1. Can you tell which of Glu144, Glu177 is farther than 18 Å from Ile75 by Cα and either at pLDDT 55 or above or part of a loop (DSSP other than H, G, I, E, B) (or both)?
2. If you take the residues of region 70-91 that are in a loop (DSSP other than H, G, I, E, B) and touching a residue at least 12 places away in the same chain (Cβ under 8 Å), which of them is surrounded by the most Cβ atoms within 10 Å (Cβ to Cβ)?
3. Note down all Cβ pairs under 7 Å where the first residue falls in region 40-54 and is without any contact (Cβ under 8 Å) to a residue 24 or more places away in the chain, the second is open to solvent by less than 80 Å² (accessible area, probe 1.4 Å) and of a type in the set (S, T, N, Q), and they're at least six residues apart or on different chains.
4. Which residue pairs have Cβ atoms closer than 8 Å, lie 6 or more positions apart in sequence or on different chains, and pair a first residue in region 121-132 that is exposed (fewer than 13 other Cβ atoms within 10 Å of the Cβ) with a second residue that is at pLDDT below 90 and part of a helix (DSSP H, G or I)?
5. State all residues of region 93-120 that are touching a residue at least 40 places away in the same chain (Cβ under 8 Å) and open to solvent by 80 Å² or more (accessible area, probe 1.4 Å); if no residue qualifies, say none.
6. Restricting to region 15-69, name every residue that is touching a Gly at 6+ places or on another chain (Cβ under 7 Å) and either within 17 Å of Val127 (Cα to Cα) or in a helix (DSSP H, G or I) (or both).
7. Just for region 52-66: of the residues that are under 14 Å from Gln26 (Cβ atoms) and touching an Asp or Glu at 6+ places or on another chain (Cβ under 8 Å), which one is most open to solvent (accessible area, probe 1.4 Å)?
8. Which numbered condition trips up Pro150, out of (1) open to solvent by 70 Å² or more (accessible area, probe 1.4 Å); (2) closer than 17 Å to Ile75 by Cβ; (3) at pLDDT below 85?
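The values are calculated or read from the model by the stated rules, or taken from the named source; none is laboratory data. Just so we're clear, the structure is a prediction, and the values are computed from it rather than from any experiment. Neighbour counts run over all protein chains shown; Cβ positions are idealised from the backbone, glycine included. Just the protein is used for accessible areas: all its heavy atoms, side chains included, with ligands, DNA and RNA removed. Shrake-Rupley method; radii C 1.70, N 1.55, O 1.52, S 1.80 Å.
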Amino acid sequence: MRQRDPFGQALNSLRSALLNGLAPGQHLSATDIAVSLKLSTSPVREALSRLCGEGLIEDRRGHGYFTRSAPAEDILGLLDLEAAHLHLAASSLTPPSDGSDAAVEAFVAEVLAACENQPLVESLIRVRQRLTPLRSLSGVLALEPGVACPDPIDAYHARWRAAVPALAARVRRLDPEQSEYTRNMV
């Protein structure tokens, strides 16, 4: 007989969904999650409460749990933090050839593989995880060519900084695309 840990199952499933990029500000219905996982709502509510305590989701009293929202100030702060991490971690590496997404993404992979400062790498990974769902929305935005900067990393981040107002507005109007965890928007 196989033992079941409903709380652990709910917690792991929610963590995975958050890491895979649930859009910011989406409602997390305990009932919908419980149905999709074939669990009762009690372990799901416990898992949501734990994630809220860890700061990964928000509890809006009277409305339920939501993925963390992304106001423009937070997005700008994350972009600045990512740029600072990259400059610190990449001091001995050759910078990317240009500020394009592909060049900078390849450079980030190189930085993550070569950097010996583990806390810096872990922090960069966490910042990038927070930015991933936002970057996935960029397909609906027309990103302007980068601002003329001598440093390709700065040009890349300047381009994303210029897109932040449209990105933040897009997040506020976001419709769930029938995500398994976000069917009931409040």
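1. Values: Glu144 fails: farther than 18 Å from Ile75 by Cα.
On inspection, the qualifying residue turns out to be Glu177.
2. Initial filter on region 70-91 (in a loop (DSSP other than H, G, I, E, B)): 70-71, 90-91.
Adding the requirement that they be touching a residue at least 12 places away in the same chain (Cβ under 8 Å) leaves 70-71, 90.
Working: Ala70: 24, Pro71: 14, Ala90: 18.
Within region 70-91, the match that is surrounded by the most Cβ atoms within 10 Å (Cβ to Cβ) is Ala70.
3. Pairs that qualify, where the first residue is without any contact (Cβ under 8 Å) to a residue 24 or more places away in the chain and the partner is open to solvent by less than 80 Å² (accessible area, probe 1.4 Å) and of a type in the set (S, T, N, Q), are Thr41/Thr31.
4. none
5. Within region 93-120, just Ser97 meets the criteria.
6. Of everything in region 15-69, those that are touching a Gly at 6+ places or on another chain (Cβ under 7 Å) and either within 17 Å of Val127 (Cα to Cα) or in a helix (DSSP H, G or I) (or both) turn out to be Thr67, Ser69.
7. Filtering region 52-66 for residues that are under 14 Å from Gln26 (Cβ atoms) and touching an Asp or Glu at 6+ places or on another chain (Cβ under 8 Å), the one most open to solvent (accessible area, probe 1.4 Å) comes out as Tyr65.
8. Unmet condition: (2).
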